[in-house]
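Quick notes on the structure that follows.
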Amino acid sequence: MTTARDIMKPGAQWISKQDTVEHAAQLMAELDVGSLVVADENERMCGIVTDRDIVLKCVARGGSPADTRAAELCQATPRWVSADADVEDVLDAMENHRVKRMPVIDNKRLVGMISEADLARHLDDNQLGEFVTAVYGRP
């Protein structure tokens, strides 16, 4: 059985909801990633901020990345999967919620992130096609 742990990119990072968008962008560049989990003071996930969020929800609206907090770009508590979840369960969750990134949790700790690129590397063409149709093909 292929699990979330098998396909995730390990070592996902989180930032505080109080961190600036500028800090988030710098960390994304340093880590060569397109998203970071946003956590509260108790290290509970309260959102995900993406490079696209930074551009569309901050910069394009005339916001200042140095003055905008990461929490301002988060819309809802993110979905997540257990590191031991079967890849089919991961796909179902990502498709049903139309998300392109999925945090992976083990023992209540963030251990990785599954992105579209991870899916492309580990799924067969049929599985990948179903994912793309589910996430991008519906209004």
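A few notes on this one:
- Between Ala85 and Ala4, Arg5, the built amide H atoms are under 5 Å apart, and every one of these is 5 or more places off in sequence or on another chain.
- Annotation: the antiparallel percentage among DSSP beta bridges lying fully within region 14-119 is about 70.
- Taking a Cβ cut-off of under 15 Å around Ala76, the surrounding Lys, Arg, Asp and Glu residues balance to a net charge of +4, with basic ones at +1 and acidic ones at -1.
- For the Cα trace of region 1-92, dividing Rg by the Kirkwood Rh returns an Rg/Rh value of 1.02.
- Long-range amide H partners of Val38 with built H, under 5 Å: Ile15, Cys46, Gly47, Ile48, Val49
- Each residue, Glu30 and Met1, gets one label point 7 Å from its Cα in the Cβ direction; the gap between the two is 3.8 nm.
- Heavy-atom accessible surface of region 33-78: percent carbon and sulfur, 1.4 Å: 46
- Cα gyration tensor, region 88-138 - rounded (a/c under 1.5), prolate or oblate: prolate
- In this Cβ point-charge picture (+1 for Lys and Arg, -1 for Asp and Glu), region 73-122 has a dipole of about 360 debye about its Cα centre.
- Normalised per residue, the accessible area of the chain is 58 Å², obtained with a 1.4 Å probe and no contribution from ligands, DNA or RNA.
- Kirkwood hydrodynamic radius (C-alpha pairs) into Stokes-Einstein, region 52-119, 37 °C and 0.692 mPa s, D in µm²/s: 241
The values are calculated or read from the model by the stated rules, or taken from the named source; none is laboratory data. Since this is a predicted model, take the numbers as computed values, not measurements. Using ideal geometry, Cβ is built from the backbone for each residue, glycine included, and neighbour counts are taken over all protein chains shown. Accessible surface is based on the protein model in full, side chains and every heavy atom, while ligands, DNA and RNA are left aside. Shrake-Rupley method; radii C 1.70, N 1.55, O 1.52, S 1.80 Å.
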